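Scroll down for the structure; my scribbles are underneath it.
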Amino acid sequence: MEKPPRHNAEGCEYYDQKLLVLTKQQEGEACPDASKPGADDNLGKVQKEEMNKLEEWGYTIKCQTIDSYLDSTPNPSSSPIGCLLDNDFTCSQARMATCPCSALAYLVFVAEAGIGLWIWSVWSWRLRIVTSFRPVGAENMVQEFKTYGYPMWFFYLIFACKVSFASILVLAIILPDPILTLIGAGGMFALMSGALLSHLKVKDPVGRYIAASVMWVLSTYILIALSKSCVVHTPASDDLVRTCSGCVVALACFIMWLRSCLRGDYNFASYDELDEKKEGLLA
């Protein structure tokens, strides 16, 4: 077995930090003694010969679960947890190893993109459009809030919160981070719960709940995936496909916002004028 390189190109930090963490199924188990017969049965991916070599090279071998190591380490993303000698088990992948299925982690990015694109479309070019998801009688977003009985200050507050949390989730695609994901998904979960209650308040038909329900389900899924350790802090350079996809989503959201700015969709005072003109025509 050759001595490992100073830096693992797959993403682990420098090997000369002299630390290798071995994972175990249960807390409290003693670190396997590589010098004893049968040690290979308990070593997992790091076999007895490899442990001997690591000790020879001056590495400190520490045995504990990945979760407990992350909980006790201020900056786990900069420490080579689970950096094994096959050079393809990176620090981020070590955390991902606790996720039940890698597909769940990738679906988080899909959910984040879906929420980001939908929320920004609702609060940009869809602001003035009649949609099947608005309460009965509402033809734009301002009328929608009036139908619910909410004041304009609450309208502005919800607008700021929704686009902020949606933007955070888009940022979390480019720079995956549990804290960003928790803030974005938690905020959207709360807002979508409020949206569903608003539909219930005015006794909307079931079909008008669809958009809010889908956003609520996606937010819930992200929070569940987060609780299962399927979201990890990962440098943008680790997955260029994901990073580029996130940039495309962010660009699309920016274009929607810019288009609405140029069209005057954010001039909410004009919405009242439209309402007055409509009432005048109907009189």
Is it true that some residue in the range 178-201 is touching a residue at least 40 places away in the same chain (Cβ under 8 Å) and in contact with a Pro (Cβ under 6 Å, 6 or more places away or on another chain)? no
Checked against (1) modelled with pLDDT under 90; (2) in contact with a Ser or Thr (Cβ under 6 Å, 6 or more places away or on another chain); (3) within 23 Å of residue 248 (Cα to Cα); (4) of a type in the set (Gly, Ala, Ser), residue 124 satisfies every condition except (1)
Result of the Cβ filter at 7 Å on the range 149-171, keeping first residues that are over 23 Å from residue 231 (Cα atoms) and not assigned by TED's automatic domain parsing to the domain that holds residue 247 and partners that are modelled with pLDDT of 95 or more and not in a helix (DSSP H, G or I), at least 6 apart or interchain, is none
Residue 134 fails exactly one of (1) part of a helix (DSSP H, G or I); (2) buried (at least 20 other Cβ atoms within 10 Å of the Cβ), namely (1)
From the residues in the range 253-265 that are loosely packed, with under 13 Cβ neighbours inside 10 Å and assigned to a helix (DSSP H, G or I), which one is nearest to the chain's Cα centre (by Cα)? 258
Given the options 237, 227, 219, name the one that is in contact (Cβ under 8 Å) with a residue 12 or more places away in the chain and either among the polar types (S, T, N, Q) or outside the structural domain of residue 154 (by TED's automatic domain parsing) (or both). 219
State all residues of the range 163-208 that are crowded, with 16+ Cβ neighbours inside 10 Å and over 24 Å from the mean Cα position of the chain (by Cα); if no residue qualifies, say none. 198, 199, 204, 208
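Matching residues to (1) at pLDDT below 95; (2) in a helix (DSSP H, G or I); (3) closer than 21 Å to residue 133 by Cα:
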position: 188; (1), (2), (3): no, yes, yes
position: 203; (1), (2), (3): yes, no, yes
position: 213; (1), (2), (3): no, yes, yes
position: 223; (1), (2), (3): no, yes, no
position: 233; (1), (2), (3): yes, no, no
position: 237; (1), (2), (3): yes, yes, no
position: 251; (1), (2), (3): no, yes, no
Take the conditions modelled with pLDDT under 90 and among the aliphatic types (A, V, I, L, M) and apply them to residue 180. Does it pass? no
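The values are calculated or read from the model by the stated rules, or taken from the named source; none is laboratory data. Quick caveat: nothing in here was measured; it's all calculated off a predicted structure. Quick reminder, even Gly has a Cβ in these numbers, built from the backbone with ideal geometry, and neighbours come from all protein chains shown.
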